[in-house]
Amino acid sequence: MIRPEGCKNFNMKTLLLTTEREDIEKAARIIRDGGLVAFPTETVYGLGANALDEEAVARVYKAKGRPSDNPMIVHISRASDIGQLTPMLSPDIVALIENFWPGPLTLVVKKKPGVPDITTGGLDTVAVRLPESQVALDLINAACCPIAAPSANLSGRPSPTRAGDVVQDLDGKIDAIIQGEDCRVGIESTVVDMTGDVPTVLRPGIITAEALEAAIGKRVVYDKSLKEAREHVALDPAHGVGESDFQPKSPGMKYRHYAPKADMLVVEGEREKVKAEIHRLKELNEKLGNSVGVIMFEEKAFIEAAHDFFAKLRDLDREGVDMIIAGALSDADGVGFAVMNRMLKSAGYNIVRV
Ligand code: AMP
Ligand code: MG
């Protein structure tokens, strides 16, 4: 049997599949029969179930330990399949589909009654994405149903960007894992709400609000909770942000997310000062007997940071470090903003400014 990297002596309970045709067929059958299959996409690994099968979707919430008001993204393999899920496609929605699908963009649209409430966390809207990953497309095609797929991690843990990460969190809890390549993007899709007057980004990703604006020729805003979270920290770094301090429109954004096992701190400021402060804090902590892992990306290497961030968190957890210190990225850049959204959440908004 093939073992994911980092799991050499793993006694796997969950079926591990390849990306070969027969294995994709096997995985599709599992989905059709109401089972759960983790599979690679270009963003992160997803945990898939038939989006129209209430019992199967209930199993996804259970396997992940995900709160039931946190809706799933429904994945389709042909753009025209969005018509099964929503009654109305505005010209803006059509323009975004034409410009960004297949790809890491999720559209929140009005839902048709046939989409089960459990899939949408009780909302009357549904989040839809057409991924670019060929393995994901092949699986959805073979399953012949839309696939609800949140990230294939335990709720609250860093998102999985490699098959081994999925094994670590979900082995024995799901029916199968398709072992594909490491995810190209590394952070989850941009989620944009298309149900209001102004398109609103609920979750930032590598497709930025500016890119969306360029495609539809009108203003796109970030949900104010995303900026508020950031401004709160800026106003009062010592206070941090509690879950009750802001009310995002996307239910999933309010939960503690992406948390490594180690305590985590983000250092923000002018680059040389950040480096010096990280060095100082590392030495100080090591003197006191704590092992410290550092995450510091190259300046302006936003795409690389997105690709590596979750993997680094998980690697440092595997090493068993006591503390992680990360250097903040500039969030003047849209992709930097998306990575900072994850970084601050993983650190529980624990931040120092130098
Ligand atoms: P994940 O499945 O882990 O990638 O998370 C999916 C994200 O999409 C979460 O932040 C959800 O809250 C958000 N989401 C899914 N469906 C909707 C919806 N109908 N309205 C708003 N946000 C949604
Ligand atoms: Mg997730």
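The residue pairs whose first member lies in segment 177-190 and is within 17 Å of residue 37 (Cβ to Cβ), whose second member is within 14 Å of ligand 2 (Cβ to nearest atom) and part of a strand (DSSP E or B), and whose beta carbons are closer than 9 Å, counting only pairs six or more residues apart or on different chains, are 177/38; 178/38.
When each of 156, 83, 122, 103 is tested for being of a type in the set (Gly, Ala, Ser) and free of Cβ contacts under 8 Å to residues at least 12 places away in the same chain, the lone residue that passes is 83. When each of 304, 298, 286, 272 is tested for being of a type in the set (Asp, Glu) and touching a strand residue (DSSP E or B) at 6+ places or on another chain (Cβ under 7 Å), the lone residue that passes is 286. Go through segment 110-152 and give me each residue that's surrounded by fewer than 24 Cβ atoms within 10 Å (Cβ to Cβ), within 13 Å of ligand 1 (Cβ to nearest atom) and small (Gly, Ala, Ser). Across segment 110-152, the qualifying residues are 121, 122.
Close Cβ contacts (under 6 Å, 6 or more residues apart or on different chains) running from residues in segment 18-32 that are within 12 Å of residue 178 (Cβ to Cβ) to residues that are assigned to a loop (DSSP other than H, G, I, E, B) comprise 19/180; 30/175.
Can you say whether residue 174 is within 25 Å of residue 90 (Cα to Cα) and within 16 Å of ligand 1 (Cβ to nearest atom), as far as the supplied structure shows? No, not satisfied.
So, in segment 181-192, of the ones that are surrounded by 21 or more Cβ atoms within 10 Å (Cβ to Cβ) and of a type outside the set (Val, Ile, Thr), which residue ends up nearest to ligand 2 (Cβ to nearest atom)?
The residue in question is 188.
Checking each residue of segment 195-208 against the condition of being at pLDDT below 95 and more than 13 Å from ligand 1 (Cβ to nearest atom) gives at least one match.
The values are calculated or read from the model by the stated rules, or taken from the named source; none is laboratory data. What you see is a predicted model; the values in this text were computed from it and never measured. Note that we place each Cβ from the backbone using ideal geometry, even for glycine, and neighbour counts take in every protein chain shown.
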